Amino acid sequence: MPDFRVYYEAANAITNGKQLYGALFSLGSGYYKYSPFTAILFYPISMVPYYTACIVYFLVVSNVTICTSILLLYIFNTYVFRHSIKSPNVVLSIAGLCVSIHIIREIGLGNVNMLLLFLLSSSLLFIIQKRVLLSALLLALVIITKPFFILILIPIVLRKHFKIIFTTILFLLLFIILPSLILGIGKDIELHKQWLNTMFLHSDNFPSPNTIDALIRYYLSIMINFQYITMFLLFVLYVFFVGMNITHNCKDEKANTVSFIIEWFTLIALMPSMFKTDTEHFLLSLPIILFILIFLFSHKNKVLTILFTLLIISYDGNSSDLLGKTLSLKAYNIGILGISNVLLVALGLIIYFIYTRKKNSVQS
């Protein structure tokens with residue numbers, strides 16, 4: 001668990017006055033690149049011996065994976081499809097298989113992506129239930145851990161959930177200030193400056209052939225880096241998508257809830273396609289995959305089932321145990337995972353537009 005080792009050692013470092021940023025805590029990219037507050041969150045588990053902590057963290061992530069899947073099933077059954085599907089355990093098991101390679105890597109590295117997905121899914125449920133404080137708290141925990149998730153505020157802003165935005169900002173300010181109680185104000189400010197520098201360096205230097213920007217450059221043989229242009233275009237398209245949903249649904253609360261759920265999980269699934277990240281981050285597409293699976297189990301569409309199966313093979317099939325190291329590396333370098341992830345999101349949107357939104361319009 002090299003990534004978990006980084007969190008573990010960083011927690012010890014920050015609480016013992018040692019160097020937090022720029023110190024190699026683990027093999028590979030074993031530098032700590034998260035917020036000072038996140039390091040403090042790992043302090044309780046860092047108080048036990050490392051290998052004991054690994055077992056505890058393994059159990060935590062494993063159980064959170066199960067809880068996240070069940071929570072997602074509840075959200076889709078209750079608010080999107082509005083009925084309980086047959087054989088839910090079969091659907092959940094297949095969904096687990098669809099992301100198995102990424103979950104194995106997530107647990108093997110000891111990363112936090114599944115924990116964050118659970119918090120994001122829970123926050124969505126609390127927003128739907130109009131529980132402002134809890135939803136904002138969970139959102140702030142996610143953003144302070146991985147700041148690129150600040151983009152998740154886009155649909156919240158467009159849907160004018162201003163109380164949630166304001167409360168989230170207050171929690172973020174609190175998380176920035178809290179380390180100063182242990183470190184002092186001066187040290188806290190210095191660590192946050194180092195954190196910002198570390199994030200920019202990691203973003204610039206991290207190789208990823210799976211982003212939309214990298215795929216365009218690779219297949220069109222373009223040498224210019226236009227990641228931010230790609231992100232801006234996606235931002236414009238996403239804002240148009242949300243605005244179109246708001247206009248289409250008008251004051252229909254149920255249809256608006258369905259749209260908001262799809263908007264939320266679509267943006268989360270696209271995160272690893274926009275930012276340079278490790279491949280295990282692509283497990284963030286689990287909600288979209290589960291959404292597609294529930295639909296396919298309910299509607300028995302053969303064409304979409306075949307298409308989905310082919311996409312899942314390319315999305316979750318790149319294992320050196322299955323393909324061998326040479327072929328696996330080649331599949332990685334040509335961005336098969338990135339292509340299949342974008343196409344999975346597109347398939348989810350097609351199902352939403354053609355079937356789900358149409359059904360909600362008829363019911364309205």
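The values are calculated or read from the model by the stated rules, or taken from the named source; none is laboratory data. All figures in this text were calculated on a predicted structure; none of them were measured in a lab. All Cβ positions, even for glycine, are placed from backbone atoms using ideal geometry, and neighbour counts span all protein chains on display.
Could you look through the range 132-150, keep only residues that are of a type outside the set (A, V, I, L, M, F, W, C) and at pLDDT below 95, and pick out the one that is surrounded by the fewest Cβ atoms within 10 Å (Cβ to Cβ)? Selected residue: 147. Of the set (1) assigned to a helix (DSSP H, G or I); (2) more than 20 Å from residue 33 (Cβ to Cβ), all apply to residue 119 but (2). When 134, 117, 158, 92 are screened for being closer than 21 Å to residue 277 by Cβ, touching a helix residue (DSSP H, G or I) at 6+ places or on another chain (Cβ under 6 Å) and hydrophobic (A, V, I, L, M, F, W, C), only 117 passes. Number of residues in the range 274-326 that are in contact (Cβ under 8 Å) with a residue 24 or more places away in the chain and touching a helix residue (DSSP H, G or I) at 6+ places or on another chain (Cβ under 8 Å): the value is 35. Among the residues of the range 231-283, the ones that are of a type outside the set (Asp, Glu), under 28 Å from residue 129 (Cα atoms) and part of a loop (DSSP other than H, G, I, E, B) come to 2 in all.
Has the range 21-36 got any residue that is over 16 Å from residue 115 (Cα atoms) and part of a helix (DSSP H, G or I)? Looking for residues that are over 16 Å from residue 115 (Cα atoms) and part of a helix (DSSP H, G or I), one finds at least one in the range 21-36, hence yes. Residues in the range 7-29 that are in contact with a strand residue (DSSP E or B) (Cβ under 9 Å, 6 or more places away or on another chain) and closer than 20 Å to residue 148 by Cα: 7, 21. The listed residues are 115, 109, and the only one of them that is of a type outside the set (S, T, N, Q) and modelled with pLDDT of 95 or more turns out to be 115. Residues being of a type in the set (Ser, Thr, Tyr), more than 30 Å from residue 328 (Cα to Cα) and touching a residue at least 24 places away in the same chain (Cβ under 8 Å): count how many of those fall in the range 75-102. Summing the residues that are of a type in the set (Ser, Thr, Tyr), more than 30 Å from residue 328 (Cα to Cα) and touching a residue at least 24 places away in the same chain (Cβ under 8 Å) in the range 75-102 gives 2. Under the condition of being in a helix (DSSP H, G or I) and in contact (Cβ under 8 Å) with a residue 24 or more places away in the chain, the residues counted in the range 327-349 number 14. Here residue 228 meets the list (1) at pLDDT below 85; (2) surrounded by 14 or more Cβ atoms within 10 Å (Cβ to Cβ); (3) in a helix (DSSP H, G or I) almost entirely, failing just condition (2).
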